Amino acid sequence: MAIREKGRSKKDIIASVLRGLGILELLAAHPEGLNPKQIALGHQLHLSTCYHLLNTLETAGYIVKDPSTQLFHLSSKIRYTAHDTATFAQLVKHLTPHVQALQQSTLETAYLSLWRQDEIVLSAIVESPLSVRVKALTIGYAEAAHAMALGKAILAYLPESVADQYLVRHGLPRFTPNTITDLPTLKAHLAEIRQQAYSIDQEEFLLDVCCIGASVFDAQKHIIGSIAISLPATRHRSQVDTLLPQVLEAGRTATRALEILGYIRP
């Protein structure tokens with residue numbers, strides 16, 4: 001342990017504090033994360049003692065447990081002076097559990113898109129056997145952002161010049177009679193998304209299919225992606241008031257996870 005007791009008598013030292021600080025140092029040396037057994041072994045702690053220390057540090061917000069791997073990492077409360085630039089793979093890894101949770105809570109197919117190298121890229125799909133699956137959408141799909149809730153939830157929060165460049169590159173092709181193909185109309189629509197904090201695709205990409213989306217932000221409040229569900233238009237009309245809060249909560253929870261991890265977009 002790097003923490004030293006120099007100049008102090010043992011009665012002035014709180015051993016549990018030293019052990020907790022030692023855990024923080026150990027996690028700092030292993031940014032990939034460690035499980036409780038590895039941490040206990042690294043500091044020769046009884047496993048039960050290690051769990052008590054981890055629970056205390058997690059409650060105080062100094063460490064965070066990845067729900068997909070059960071590994072512990074330092075939180076942004078420790079790394080407040082320098083956020084970590086996340087890789088694309090890290091973002092997918094940490095955000096996919098939130099897509100899975102959204103699918104489970106809504107029973108609709110759920111999606112994740114990320115802003116990657118100036119493109120909006122579909123990055124995860126969690127299908128529901130009871131719900132609509134948009135066959136045109138596969139991992140890596142990077143078109144039609146103006147016609148989908150996933151894309152609009154990202155476009156709405158990009159700097160205007162960046163969004164303009166994106167739209168110039170991709171254009172505004174029509175997919176259905178409901179697709180917005182006029183730039184001023186689209187910009188007004190994106191302003192509405194910023195005001196209401198959610199996006200909806202009302203049969204704009206595919207007839208009889210609607211989507212509800214929410215934005216995801218990084219630790220510096222920059223747009224980094226979006227999370228959404230797709231469902232038949234008839235079910236959307238009858239259940240949107242119930243499903244919308246769940247999508248918004250998924251976006252907030254995903255954003256909070258990136259804040260805790262201190263991640264910023266690549």
With a 10 Å radius around each residue's Cβ, average the other Cβ atoms per peptide and rank 257-265, 149-157, highest first.
-> 149-157, 257-265
Unit charges at the beta carbon, dipole of the chain: most positive-side option, L137, L112, H94 = H94
Quickly work out the D241-to-T59 label distance, labels modelled 7 Å from Cα along the C-beta direction, and quote it in nm with one decimal.
-> 4.0
Normalised by the number of residues in the chain, what is the relative contact order in percent for Cα pairs under 8 Å and 6+ residues apart?
-> 18
Between the modelled labels at K221 and T138 (7 Å from Cα along Cα→Cβ) the distance in nm is 4.0
Å³ per residue of the Cα convex hull, for segment 84-264?
-> 104
Grab the Cα-Cα distance for R169 and R256, subtract it from 0.36 nm times how many residues apart they are, and report the gain in nm with one decimal.
-> 28.1 nm
When Lys and Arg each count +1 and Asp and Glu each count -1, what net charge do the other residues less than 15 Å away from D118, Cβ to Cβ, add up to?
-> -1
So what is the relative contact order for segment 96-152, in percent, with contacts set as C-alpha pairs under 8 Å and at least six apart?
-> 30
Calculated from DSSP H runs of 4 or more alone, at -39500 (n - 2.57) each and per residue, what is the 222 nm mean residue ellipticity of the chain, nearest 500?
-> -14000 deg cm²/dmol
Segment 118-169: spread of alpha-carbon positions along the three principal axes, whole Å, largest first, is 40, 16, 16
Arrange the peptides 197-209, 85-97 so that the one whose residues have, on average, the most other Cβ atoms within 10 Å appears first.
-> 197-209, 85-97
Between T69 and L47, with labels modelled 7 Å along Cα→Cβ, what's the label distance in nm to one decimal, could you check?
-> 2.1
Calculate the length of the line joining the C-alpha centroid of segment 99-119 to that of segment 20-48, in whole Å.
-> 32
How long, wide and thick is segment 10-74, going by the Cα atoms along their three principal axes, in whole angstroms, largest first?
-> 41, 23, 21
Given springs between every Cα pair under 10 Å in a Gaussian network model of the chain, which of T179, T49, T253 has the largest fluctuation?
-> T49
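No value in this document is a laboratory result; all are computed from the given coordinates. As the structure is a prediction and not an experimental result, all values here were calculated from the model. Using ideal geometry, Cβ is built from the backbone for each residue, glycine included, and neighbour counts are taken over all protein chains shown.
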